[in-house]
1. Among HIS164, THR128, TYR24, whose Cα sits farthest toward the positive end of the charge dipole of the chain (+1 at Cβ of Lys/Arg, -1 at Cβ of Asp/Glu, about the Cα centre)?
2. Taking only complete DSSP H runs, can you tell me which helices of the chain stretch 20 Å or more along their own long axis by Cα positions and average at least -0.5 on the Kyte-Doolittle scale?
3. Show me the ranking of peptides 246-254, 203-211 by mean Cβ neighbours inside 10 Å, starting with the highest.
4. For the peptides 65-72, 188-195, what is the packing order when you average, over each peptide's residues, the other Cβ atoms within 10 Å and list the highest mean first?
5. How big is D for the chain, in µm² s⁻¹ as a whole number, if Stokes-Einstein is applied with the Kirkwood radius of its Cα pairs at 25 °C and 0.890 mPa s?
6. Highest first, please rank the peptides 172-180, 123-131 by the mean number of other Cβ atoms sitting within 10 Å of their residues.
7. With the contact rule set at Cα under 8 Å and sequence spacing of 6 or more, what percent relative contact order holds for the chain?
8. Using Cα-Cα distances under 8 Å and only pairs 6 or more residues apart, what relative contact order does segment 187-255 have, in percent?
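Derivation of every value follows stated rules applied to the coordinates shown; laboratory data play no part. All of these numbers come straight from a predicted model, not from anything done at the bench. Using ideal geometry, Cβ is built from the backbone for each residue, glycine included, and neighbour counts are taken over all protein chains shown.
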Amino acid sequence: MQSGNNFGRSDVTQESQYTFPYHYIASFENGHFCQHLYWSWGFRYLGGLELVLSILGEEPFESLIDIGCGDGRFLREVSNKFAESALIGIDNSPRAIDLARAMNPALSFECIDICSQRAAMGTFDVVTLVEVLEHIPVESVDDFLSAIASYQELGGRLVLTTPHKNKPVQVKHYQHFDGAALRKLLEPHYEVERMVFFDKMTRIFNRLMSSFLGNSLFILNNHFLLDILFNIYRKHFLICSEARCGRICLVGRKK
């Protein structure tokens, strides 16, 4: 192995593969050999990302801060589509920020609790809050939203997604929201321009996806079939009415 950055051909090939810790895929789970990772909620996650990215593309922006960035996956997608914009992700979890930096060394991430500290980073054209608000303790939501608003000037855009009350509250969540409750929370700081209700909840489709994407016998890897299933979700089950939705996307403008 050569020192410094004087990589040989084999070193460069290996270096290019360190975009994902693939050595961790193969494992023994309860004594059984396993070499696949499967996330049953993955198609819904990507559907939500596509929705937010399409909204971001509706008007140009020079800067964006992703609050509650977690492992940095969303900010990576933003950087791929809006490479000329100044981007930063913040989260109050040191472990999440360490992972985000490791997975995305070209992007900027900071470990910050915005309710207790105001980083000297200026203001941003866009604030994104993707599946974060439900993780904030109920008594802290007002302070949290006030802190978010401090990162924007008049007219700055906010794009957030969060679970709807139609979905049962998970153990790791403090609350879910409906459109009226979300609007009321945001009104002191943002003018709500629109809400998009998405991720249609239907038992038949859920069972179909659970059966075909992955089960105890197989994990579907055929690209043709995967594309068909995801396109069915995108076309028929992504955007829906509030009565049937699992999540809300809100677009607001700083007052």
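1. About the Cα centre, the residue reaching furthest to the positive side is HIS164.
2. Taking the DSSP H segments of the chain (at least 20 Å long, mean hydropathy at least -0.5), we get 42-56.
3. Put in order of decreasing packing, that is 246-254, 203-211.
4. Most protected by this proxy first, the peptides run 65-72, 188-195.
5. On the way: Rh = 20.2 Å.
Value of D from the Cα-based Kirkwood radius: 121 µm²/s.
6. In descending order of packing, they fall as 123-131, 172-180.
7. On the way: 376 pairs, mean separation 45.2, N = 255.
So the answer I get is 18 percent.
8. Working: 78 pairs, mean separation 45.3, N = 69.
Contact order relative to length: 66 percent.
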